C-alpha cells in the first residue's frame, strides 16, 4: 500500500491511562474521498483513537500525518481549524442559538464591534440551500429534530472546510428515512473529496456506505479491508479473540426454582423483554453498549420508569416504582456508574455499607451503632475490602475496593435478586477474580444473579445462561452447555450482538 | 507513600492534615479565647461567659437547624421571616389564652408547616432551595404583617418573659438550657438515627442515595421541617427577650446561622457536617461579637470580620474537597 496518498495517517499510536493500555501501536490510513468504517467491540479503542486525533488526548507514542505533514491538535477547536471535525454521538447543540449562529459560532461576521447578523444569515442560507436543507437560518436549534441538528453539525463541519469528518454512531437515533438522507449527504461529501471516518455497530450500514474498514480489538489494530470482497463472518472473526486473561472460577451449583421473572418489559431504550432467573443461577446479559441491557435493569430496579410489562418475584406479581420498593422486596443493583450511583464518596465505608440496611439496625428510634460496626466489619472482611479502618472515607479507596464496598452493602441487605451491571469495570485483576469468586458463593447461597458485562470472555465464563441484546431487544439465548462444548463461540455471541439471527 | 506519612509530624496519633481537618476550627476558637482572656479582664468573668452564651442562644438554635438543611444539599433563607411570624403568632395567642405552652406549640406547628412547604417545593419539583426560600421569605414576612396588621404589641405575660431572661437556680439562663437541649437532640438526630444518615447520604450523593433505596423526598423535606421547628424555638426565645409581638424582627438572622454552620465545618457541597463543629462555629461568632464589644471595636467591624471568617472557612472547605478529588 506504500506510495498511495493518504489524507490522514496514524502510525504506532499508543495511549495508556494509569495502568490500562487503551491503545497499543495502533494505525489508521485514510484516503481522501473515502468513507472508512471503524469496527470493534466495546472498549476496543475506537473512541480513544478518535480523541487522540481531535486533540482531546495526547498519544504517548506514535505519529499522525495529515495531508502529508505532521499533525497534532491542541483540542477540538484546533482540530477544526486544521480541517478535522467530529460529529459526536450525543449532540449537544446550544439550544438557544439559531442555525446561523450555531454554524458560525466563534467565526461571527462583525461590522465594527457589532455582530453582522444579516450577513451571517445570508451566508447560512446559501450553505443550507447547497445541502437541500429546508429551514430558515433563524430557526432555533431546539426546534430542530435530532436528525436536523446532526445535519447542522455536518454543515458546520463542511463550512469550516473540514477535510476529514469523524462520525460517531451517526444513525443511532435516526429513522430509516433520515438515515437515507444522511447517506445521500455522505455521498455528496465524498464527491467533494472529504474523507469520513464512520464509527458504527450496524453491519448493514457499513456494507452500504463504506469503502474500507479497519478493525480494532482490545486496543490493538487487527487490520484493514476493502469493503469489496469482505464478508460479515470475516469481520466478526477479526473482532473477537480478546485474550482470556484469567480463568473464571465459575462453580456449578444447584439451580433451584424460578425466582424472578419478567414479561414484555418496555421502556426507554428497550422493548418487549422477557426472561426468568432461577435461584442459584447467574444470568448473563451481553450486548453492545446502548443495546438496552443497563436500561432494562435500571427500570426493573425502579431508577427509570417502565412503560409496560409485568414482573414476578417468587411467583407473586410485583410493582416497583422506585428503588426503595425494589430494596424492600429484596432486589439489589450494583450500578455500572459507581461514582454517581454507587457511593457517597465523602462518607465512610461504614456509612456507605449500612445505608440500605439501616432499618435492620434500629433499636427503637436510635441506630444500634455497636451492632452496625460489628456487622460492617464482618461483611467487609468477608468481601476482603482493603482499608485501614471502616471509618475511612470511600474516596480514599482504589477502584476495586470501592466496588467491594458497593457489593458489601448489597450483600448485607441479603437480597433475593442481585443485579450486577459491569461489576468488574475499572477493577484490577486481583479484585476482579475475587469478585467472580464471590458471585459464585452468593449464587450457591440461593441468590439469583443477573450480570451485565461488556467483556465477552467474562460474561461467557461466568454465566449459567446468556441472553444477548441487540438494539433494545433480546436476540437469542445461549446455555452454559453450548458455551462449554464449543458450540457457542465468541464469534457466535458477537454475531448475535450485531443482530444476526 | 508510607515513608512520607511517617515523615510527617504526628499530632495525637494523627498526621497533621487529618488533625487540622478534625480540630483546626477548635484550635481557632481556643486561640481567640486565649487572646481575649489576656486582652480583656472582663472577658474572663463568669458573668461574661453567661452573657456570651445567652447572646448566641437564638443564633445557635437556628444554626442547629440550618446544619441539617445545608448538609442535605439545601439552604433556607426564610428563617428570618419565620422568627417574625413566630413573634406575631405568640402575640395573637396571648390575646386568646394565657397559656405559654399553647403559644409555643402553635409557633412550632406553623413554622414546621412552612418548613414542610419549603421542603416539598424543593424536593418534589426540584426547584433551587435558594430561589424557593427567597420567595417564601417574602410570603412569610407578609403573612406576619397581615396577622398583626403591622402593629407591634408589648406582651403582658410575665411568665413568658422568664424564658428569655430567667435563670434556672438563679445562675443558668433558661435560654442556654434550651440551646443545650436542642444541641443534644440535634446530635442524636444527625449522628444516631436513620434520618441523620439519610441526610448525609442525600447531601453527599443524591443519585447514590436514591439507588440505595433512600426516600429522598422525605429526607430533604424533613430537613426543612426540622429547620422550621428550630426556628420556632429560636423565635420563642427572641420574642420573650424583646417582650413584644413584632412583625419586623429577625432580619439577617439567616446569615449568622449559615455563617456558624460554615465556620463549623459544614460543607456547602453537602454531606459533611458535625454537631460539635457547628457548636464551635456558634461559639466563635459569639466570641467575635462579645470580644469586639469588650475591646470597643465598632459593630461595623464585627460584621466585616464575620464575613471574612466565612470566606476563610469556605476556602478551607474547598481546599479539603479538592484534596478528595
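Nothing in this text is a laboratory measurement; each read-out follows from the coordinates by a stated rule. Since this is a predicted model, take the numbers as computed values, not measurements. When we count neighbours, we look across all protein chains shown, and the Cβ atoms used for this are built from the backbone with ideal geometry, even at glycine.
Just a few scattered comments:
- Using just its DSSP H runs of length 4 or more, each adding -39500 (n - 2.57), chain B gives a mean residue ellipticity at 222 nm of -26000 deg cm²/dmol after division by all residues.
- Highest average first, the peptides B:219-227, A:350-358 ordered by how many other beta carbon atoms sit within 10 Å of their residues are B:219-227, A:350-358.
- Shape summary: the range B:63-193 maps onto an equivalent ellipsoid whose semi-axes, from the alpha-carbon gyration tensor, are 27, 22, 11 Å in decreasing order.
- Whole-number D in µm² s⁻¹ for the range A:415-468, Kirkwood Cα-pair radius fed into Stokes-Einstein, 25 °C, 0.890 mPa s: 214 µm²/s
- Alpha carbon centroid spacing (whole Å) that separates the range A:123-162 from the range A:378-435: 49 Å
- Counting, for every residue in B:212-220, the Cβ atoms of other protein chains within 10 Å of its Cβ and taking the mean gives 6.
- Sum of -39500 (n - 2.57) over DSSP H runs of 4+, divided by residues of chain A (222 nm, nearest 500): -9500 deg cm²/dmol
- Taking the range B:267-304 and a reference point 7 angstrom along Cα→Cβ of residue B:39, the backbone N atoms nearer than 19 Å belong to B:281-304.
- Debye log10 I(q)/I(0) for the range A:1-101, one point scatterer per Cα, at q = 0.12, 0.17, 0.25 Å⁻¹: -0.45, -0.85, -1.52
- Cα gyration tensor shape of the range B:18-116, rounded if a/c is under 1.5, else prolate or oblate by comparing a/b with b/c: oblate
- Dimensionless Rg over Rh [chain A; C-alpha; Kirkwood]: 1.01
- Whole-Å distance, taken between Cα centres, linking the range B:47-92 and the range B:242-295: 8 Å
- Other protein chain Cβ atoms within 10 Å, averaged over every residue that makes up A:404-410: 1
- From most to least packed by mean Cβ count within 10 Å, the peptides A:67-80, B:191-204, B:253-266, A:198-211 give B:253-266, B:191-204, A:198-211, A:67-80.
- Within the range A:65-127, the percentage of alpha carbon pairs spaced more than 14 angstrom apart rounds to 68%.
- Taking all pairs of distinct alpha-carbon atoms in the range A:203-299, Kirkwood radius in angstrom: 17.2 Å
- Each 10 Å bin from zero holds the following percent of Cα-Cα pairs in the range B:120-161: 24, 29, 26, 17, 4.
- R0 of 45 Å, Cβ-Cβ distance residue B:162-residue A:368: FRET efficiency to nearest 0.05: 0.70
- Three semi-axes of the equivalent ellipsoid, the range A:370-491, Cα gyration tensor, whole Å, largest first: 31, 15, 13
- Residue among B:86, B:274, B:152 with the largest mean-square fluctuation in a Gaussian network model of chain B, springs linking Cα atoms under 10 Å: B:152
- Calculated P(r) of the range A:14-171 - Cα pairs past 18 Å, %: 64 percent
- Two-decimal log10 I(q)/I(0) for the range A:165-218, as the Debye equation yields it once each C-alpha is a single scatterer, q = 0.18, 0.21, 0.28, 0.29 Å⁻¹: -0.59, -0.81, -1.38, -1.46
- For the range B:47-324: relative contact order, % (alpha-carbon pairs under 8 angstrom, 6 or more apart): 36 percent
- Averaged over B:199-206, number of beta-carbon atoms from partner chains that fall within 10 Å: 5
- Computed P(r) (all Cα pairs; the range B:148-234; 10 Å bins; percent): 14, 31, 24, 18, 11, 1
- Cα-based radius of gyration of the range A:304-446 once divided by 2.2 N^0.38 Å, which approximates compact folds: 1.07
- Packing around the peptides B:124-135, A:47-58, B:46-57, taken as the average count of other Cβ atoms within 10 Å per residue, puts them in this order, highest first: A:47-58, B:46-57, B:124-135.
- Volume per residue for the range B:47-324 equals 130 cubic angstrom (convex hull of Cα atoms).
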